[in-house]
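The values are calculated or read from the model by the stated rules, or taken from the named source; none is laboratory data. Every value quoted in this text rests on a predicted model; they were computed, and no experiment measured them. Every residue, glycine among them, receives a Cβ derived from its backbone with ideal geometry; neighbour counts consider all protein chains shown. In case anyone asks, the SASA skips ligands and DNA or RNA and just uses the protein heavy atoms, side chains included. Shrake-Rupley method; radii C 1.70, N 1.55, O 1.52, S 1.80 Å.
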Amino acid sequence: MTRPLPRFLARLLLLPVLLVPAAFMPASAAADGAARDGSPAQRPGQAAIASAHALATDAGFEVLDRGGNAFDAAVAVSAALSVVEPISSGLGGGGFFLLHQQDGGRDVFIDAREMAPAAATADRYRTADGKLDSAMAEDGPWAAAIPGLPAALVHVAEKYGRLPLAESLAPAIRLARDGFPVYGRLERGYAARREVMERFPGTRQVFLAGGQPPKQGQVFRQPDLARTLELLASDGFDGFYRGPVAKKLIAGVRAEGGRWTAADLSGYTVREREPLRFRYRGWDVVTAPPPSSGGVALAQMMQILAGWDLPELDPALRTHLTIESMRRAFRDRTFYLGDPDFVHVPVEVLTSPYYAAGLRATINPEKATPSDMLPGLPTPLEDEETTHFSIIDADGNRAAVTQTVNLLFGSGLVPPGTGVMLNNEMDDFALVPGQPNAFGVMGFEANAPEPGKRPLSSMTPTFMVSPERVAVLGTPGGSRIITMVLLGALGVAEGLDAQAVAALPRYHQQWMPDVVSAESGAFDADLAAKLRAKGHTLRLPEDAVSGRASSHTWGNMQTVVWDRRGNVLEGGSDPRNDVGSAKVRAVAPAAAR
Ligand code: GLY
């Protein structure tokens, strides 16, 4: 096996950066974007919300109708999804909130990523022969990091909302207490994860309350979760991270052999970070900084691709170049990305347009660049974990939020009496250097676990802003989030409407393993043949001989687009998901209420 030489390569690729005189550096995208975005007095006058569940979209509108802004609506949608989509995200997980305040044109990134508990050191996740112990990393108490989502709900409501937290949480509390109809994806997800979940008494209390697993059409109630949400609503941060809920969380984790402490919970903090910004062919792109790897990779890929007028190219060449940009961004992800509170992440270099120009120069338009060979692991099914929603309110405020418990139903562990499904985000650390995690991505020191550290994420909530259009987008999908957001963003830049963006076919390359995967129908036979002729190894559902080659459809993109020319709002909800919903309707601008 050849060990890659990323530092050496990075230096080589940096040469063009060093050779470009500073006078030719572009003006700051931040200043440029904020001024253009904030100055027109234009406001949509109606609101748009796209989320993975119609009940969550409705929760957001309920709060807007009560006089809330996009940030109150984000709290309502986030909490409602935590109730109706426990398969994907919840109070036991974390998330990233990318917010834009139209007055003043300010963007802020709320990092509510989970933090490793003090006892979760790397040695716990290794087998006797030094391999990754996937069961420890994915199932039960040691898989779970300290949740961040409850703290984010409190923070966003208190600092950015117009309504009390209790009002924004009211729809979620109602949905947890009174229940909602089980849908097919929830029933199937439970069946897939049932063996792990039914090991834990607290989880059985929630999901087997009626004696049988959740069945499509039945009403699913979560009274303990309703009480936990009520305590959050009345006591804020302390309602979850101190007091009776915290005690039950710690007791439930310890009863299963884990070791959370009161200090782990009370020490949780959300971080406000500067969003990452870059330019792409007339667009300002505002996206997720570390500890997401998604924004850095998106900046690399889009700035590499900015050198070509993609819509003008032959589809095979366009796809080849896009794949090559993915390969290069994921290589850097492997070595350089981690929690910026713990490691230095060279964001400025990695997201420089001149570094991208250097990477572009290494792409052969005729031939795939081989990634260093490693035994490849199949990438597992990963379309249904994590969730994303997008909001623009009547005043032009916007929220792009991606939240998660990591894999299906996270760790599977609900500490008794809480109704809170704990995440399995510890698997997003590089628990054993160089060994791929559940998404087949690997890492080294930058993403090694440490007490209080946040695991590297792929979640990529993103805004795209041009003088004519504003788009808010994101999707679940593990490491494929990054490339799905890339394809969506390229679709926005090409002028596709919100629904077409959400429906775009998807493909993915992540450096290692050196294969291109794609969802069913993404490549027709001619395109597949041309890509193979350029040297790409394709893993297509159409060719699958084993059941794990690739899931047939990926992601669950939720996007809203504001066309400022005609002052038109559009929502796009991924057609792959039958309970999602994008709605646009009038709500009175806050100033008029
Ligand atoms: N757990 C998925 C992610 O954060 O990328």
Legend entry - Histogram of C-alpha separations across the range 408-485, 5 Å bin width, %: 3, 13, 17, 17, 18, 13, 9, 6, 3, 1, 0
Legend entry - Cut-off 9 Å between beta-carbons: net charge of the residues surrounding residue 420, Lys and Arg +1, Asp and Glu -1: 0
Inset, instruction - Have a look at 289, 432, 223 and report the one farthest towards the positive end of the charge dipole of the chain, computed about the Cα centre with Cβ charges (Lys/Arg +1, Asp/Glu -1). - result: 432
Inset, instruction - Using only alpha carbon pairs under 8 Å that are at least six residues apart, calculate the relative contact order of the chain and give it in whole percent. - result: 24 percent
Inset, instruction - Rounding to the nearest 20 debye, state how big the charge dipole of the range 431-577 is about its Cα centre with +1 on each Lys and Arg Cβ and -1 on each Asp and Glu Cβ. - result: 220 debye
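Taking the Cα centre of the chain as the origin, how large is its charge dipole in debye, to the nearest 20, when only Lys and Arg (+1) and Asp and Glu (-1) carry charge on their Cβ atoms?
On the way: 58 positive and 65 negative charges, 72 e Å.
Once rounded to the nearest 20, the dipole reads 340 debye.
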Legend entry - 1.4 Å probe accessible area per residue over the chain, in Å²: 34 Å²
Inset, instruction - Could you please state, rounded to a whole Å, how far the C-alpha centre of the range 316-349 is from the C-alpha centre of the range 86-156? - result: 21 Å
Legend entry - Positive-end extreme of charge dipole, the range 315-362 - chosen from 356, 334, 346 (charges on Cβ): 356
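Where does the chain land at 222 nm, in deg cm²/dmol rounded to the nearest 500, when only DSSP H runs of n ≥ 4 count, each adding -39500 (n - 2.57), divided by all residues? Write down the numbers at each step before the final one.
On the way: 20 runs with 216 residues, N = 593.
Estimated from H runs of four or more residues: -11000 deg cm²/dmol.
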Legend entry - Charge dipole of the chain about the Cα centre (unit charges at C-beta), most positive-ward option of 414, 120, 52: 120
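Roll a 1.4 angstrom probe over the protein heavy atoms and tell me the percent of accessible area of the chain that is carbon or sulfur. If you can, show how the numbers build up before the last one.
Working: 11210 of 20240 Å².
Its accessible area is 55 percent carbon and sulfur atoms.
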Legend entry - Student exercise, the range 194-246 dipole from Lys, Arg, Asp, Glu Cβ charges, in Debye to nearest 20: 240 debye
Inset, instruction - Could you estimate the translational diffusion coefficient of the range 491-530 from the Stokes-Einstein equation, with Rh from the Kirkwood formula over C-alpha pairs, at 20 °C and 1.002 mPa s, in whole µm²/s? - result: 182 µm²/s
Inset, instruction - Compute the convex hull volume of the Cα atoms of the chain, divide it by the residue count, and report the result per residue in Å³ as a whole number. - result: 135 Å³
